[in-house]
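The values are calculated or read from the model by the stated rules, or taken from the named source; none is laboratory data. Being a predicted model, the structure only gives us computed values, none of them experimental. Cβ: placed from backbone, ideal geometry, glycine included. Neighbour counts: every protein chain shown. Protein only, heavy atoms only, side chains kept; ligands, DNA and RNA dropped before computing areas. Shrake-Rupley method; radii C 1.70, N 1.55, O 1.52, S 1.80 Å.
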Amino acid sequence: MRILYAEDDDDLGYALGLMLEKLGYKADHAREGREADLMLRTQSYDLLILDWGLPYLDGIEVLRRLRARAQTLPVILLTAKDEVEDRVRGLDAGADDYLAKPFAMSELAARVRALLRRGNAGSALLQHAHLCLDTAARTAQLAGQPLALTAREFVLLERLLLQVGKVVSKRELVDRFSDWDHELGDNAIEVAIFRLRRKLQGAGIVITTVRSLGYRMEA
Ligand code: CA
């Protein structure tokens, strides 16, 4: 397993290197964005830990270029920003996970392991009860049968499945859709949730409305 970590802060970069080495990974360090971009273009990595605020080329731009080349390695974005909007921007640009500074090394280590496990499975499968989402192929199955979903329903389900047991805010969902679906109101989300519930009826999958907050996929 080979990991690239792009971080311009010396202390954090050093700590990252030590942690990855301790976990038994081969790790390369890029200290600015252009260097990270070059290494990603010329070498093969299993995972990228990417600081948002990098000199010359920021993390989001490195990420956009990576995804534009159809490179699918998992990416954990590190950032001092912790606003929902920033998080959504990061996920939209193609990050698989997101960690706000300061964070505990043990938490990052756990997420690295989780993403590498997922990567090893071949594709990004999200499973819950009898529901299975292939986020690479953008297909869904319910109890082994293909489940027809609109693009909007797929994204909604994906967001909920990524955080089973946790509330996904309505705001985050509205922002998420508004990017590619023009202006969407709360109402559109409610309609999509209503349709999803109907499609998932009888499958033991429960999406709870958390009043004035958002929605939760029950564990
Ligand atoms: Ca930085």
Among DSSP beta bridges whose residues both lie in the chain, state the antiparallel percentage, nearest 5. 50 percent
What relative contact order, as a whole-number percentage, does segment 125-217 give when Cα pairs under 8 Å and 6 or more residues apart are counted? 29 percent
Lysines with Cα under 26 Å of Lys170, excluding same-chain neighbours fewer than 8 positions away: Lys81, Lys101, Lys199
Could you state the angle between the C-alpha long axis of helix 59-68 and the longest principal axis of the C-alpha atoms of the chain, as a value from 0 to 90 degrees rounded to the nearest 10? 70 degrees
Check Asp28: other-chain or 5+ apart residues with amide H under 5 Å from its amide H, H built from backbone geometry? Ile3, Leu4, Tyr5
Peptides 145-152, 212-219, 34-41 ordered by average Cβ neighbours within 10 Å, highest first: 34-41, 212-219, 145-152
Restricting attention to segment 48-131, which GluC sites (Glu not before Pro) occupy a DSSP loop and are surrounded by at most 12 other Cβ atoms within 10 Å? Glu83
Amide H to amide H, which residues 5 or more places from Gly214 or on other chains are under 5 Å from it, using H placed in the peptide plane? Lys170
Restricting segment 1-109 to chymotrypsin sites (Phe, Trp or Tyr not before Pro) in coil, as DSSP defines it, with at most 14 other Cβ within 10 Å: Tyr56, Phe103
Taking the chain and dividing mean pair separation by its residue count, relative contact order in percent (alpha carbons under 8 Å, at least six apart): 13 percent
Taking the 0 to 90 degree range and rounding to the nearest ten, how far is the long axis of helix 105-120 tilted relative to the main principal axis of the chain, both from C-alpha atoms? 70 degrees
Sticking with the crude label model, points 7 Å out along Cα→Cβ, report the distance from Phe103 to Arg171 in nm, one decimal please. 2.1 nm
Mind checking the angle between helix 151-162 and the chain's longest principal axis? C-alpha axes, 0 to 90 degrees, to the nearest 10. 60 degrees
Cross-link partners of Lys26 among aspartates and glutamates (Cα-Cα below 13 Å; sequence separation of 8 or more within a chain): Asp46
Residues Tyr56 and Thr139, FRET efficiency given R0 of 41 Å [Cβ-Cβ distance, rounded to 0.05]: 0.60
Reported to the nearest 10 Å², Lys26 has, with a 1.4 Å probe, an accessible area equal to 140 Å²
Label-point gap, in nm, between Val210 and Ala114 - each point 7 angstrom along Cα→Cβ: 1.5 nm
Accessible area of segment 2-119 belonging to carbon and sulfur atoms, whole % at 1.4 Å probe: 47 percent
Using the heavy atoms of the protein chains alone and a 1.4 angstrom probe, what is the accessible area of the chain per residue in square angstrom? 53 Å²
